[in-house]
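Okay, structure first, notes after.
The values are calculated or read from the model by the stated rules, or taken from the named source; none is laboratory data. Everything quoted here is computed from the prediction, not taken from an experiment. Here the Cβ positions follow ideal geometry from the backbone for every residue, glycine too, while neighbour counts run over all protein chains shown.
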Amino acid sequence: MGTNFLDMLKRGVVLFDGAMGTMLYERGIFINRCFDEVNLSRPELVESIHREYVDAGAQVIETNTFGANRVKLKLHGFDNLLEEINIAGVEIARKASDGRALIAGSIGPLGIKIEPWGPTSNEEAREFFKEQARALLKEESTSSFWKLSPI
């Protein structure tokens, strides 16, 4: 693509992709499954969805990693695959974009209560987010990966 996100914003509206989870569900990946793990078990499915968004005009696509943090992955028994799932998410999005769209790392909520409403400290939560961000950034060597800020 050869441009950066801030330049795109200066030129006008930037079109992102849509709901990866909804698209996976429509293709038979039901809610009892870990959508992020599909990066490893069905990468061709994730890639095809990304490619559809790019073909439809998306200028930025998000990795299939919205719930790929240690807390959510542990619910499915995949916390030991955190790094592999996140790295695969970036690689799949990059391949599908074929240089036609920027790649944004998707990081969603932890799904737990954080202090003062729950037992997880702010520092613990911060570490969970950092761990996922670091895994996503392992694939940062390409200029098409959009980095918000250093970790």
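Is it the case that LEU73 is within 15 Å of PHE16 (Cβ to Cβ) and at pLDDT 95 or above?
Answer is no for this residue.
Can you confirm whether the stretch 107-127 contains a residue that is on the phi < 0 side of the Ramachandran plot, in contact with a strand residue (DSSP E or B) (Cβ under 7 Å, 6 or more places away or on another chain) and assigned to a helix (DSSP H, G or I)?
So far as the stretch 107-127 goes, yes, one or more of its residues are on the phi < 0 side of the Ramachandran plot, in contact with a strand residue (DSSP E or B) (Cβ under 7 Å, 6 or more places away or on another chain) and assigned to a helix (DSSP H, G or I).
What number of residues within the stretch 70-97 satisfy the criterion of being in contact with a strand residue (DSSP E or B) (Cβ under 8 Å, 6 or more places away or on another chain), charged (D, E, K, R) and closer than 16 Å to GLN132 by Cα?
Total satisfying the criteria: 0.
Looking only at the stretch 41-87, which residues are under 20 Å from LEU15 (Cβ atoms), assigned to a loop (DSSP other than H, G, I, E, B) and without any contact (Cβ under 8 Å) to a residue 60 or more places away in the chain?
ALA56, GLY57, ALA58, GLN59, ASN64, PHE66
So is ARG33 out of contact with any Cys (no Cβ under 6 Å at 6 or more places or on another chain) and part of a helix (DSSP H, G or I) or not?
Criteria not met by ARG33.
Could you tell me which numbered condition LEU40 fails, if it satisfies all but one of (1) within 14 Å of ALA133 (Cα to Cα); (2) buried (at least 16 other Cβ atoms within 10 Å of the Cβ)?
Status for LEU40: all satisfied but (1).
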